[in-house]
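First comes the structure, then the notes that go with it.
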Amino acid sequence: MKSALFASIVSLLTLSGCATSAMGDMNQPSRAYHGSANLASAGVALEGYCPVAYFAVGKPVRGLADYATDHEGVTYHFVSADARDEFRARPTRYVPQYGGWCAFGMSVGDKFPVDPTRFSIVNDRLLVFLRNSQVDALKLWNDGNESENLQKAAEHWRKVRG
């Protein structure tokens, strides 16, 4: 029953246009694309939120351009020099999974933009999710089978990451 409901929600999202592809959505900031990374038009990952803060304080905190660093051509902002240095020491721990695209979107075979305040730490990795007036992808993710979602997301990411 749960999986049928999950499938019908995904179909409804796709048909109604609530699910957005790489073309974006009028309710979301415009996007720039560096390789396969999801970046706001300013070219900063996570719309400027500090990737280390999700782990250190368990919530999204805006970083500052004064503490920016690049990793694999993507710019990240940090709350402090210490957070930036921690990221530089272990970037693979802090870089959002799936290029910063919505984890739920990846699990259903699409690229959805994200609301970086909607996140989950799973297996010590940062996952971010779409949220707009019609869809809360984190709720959909939590209502599904996380192991299955992770497997499907990883498979789709391998196909689209460029």
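Read the figures in this text as sums done on the coordinates, not as results from a lab. These numbers come from a predicted model, not from an experiment. Cβ atoms come from the backbone with ideal geometry, glycine included; neighbour counts cover every protein chain shown.
Here are the numbers:
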item: Rule-of-thumb Rg ratio for region 32-162 [Cα; 2.2 N^0.38 Å; N residues]; result: 0.99
item: Linear extension gain, LYS139 paired with PHE55, 0.36 nm per residue minus alpha-carbon span; result: 28.2 nm
item: Positive-end extreme of charge dipole, region 65-162 - chosen from LEU138, VAL95, SER107 (charges on Cβ); result: SER107
item: Virtual spin-label span in nm between LYS159 and ASP70, 7 Å along Cα→Cβ; result: 3.2 nm
item: Inter-probe distance in nm under a simple model that places probes 7 Å from Cα toward Cβ, at VAL122 and GLU146; result: 0.8 nm
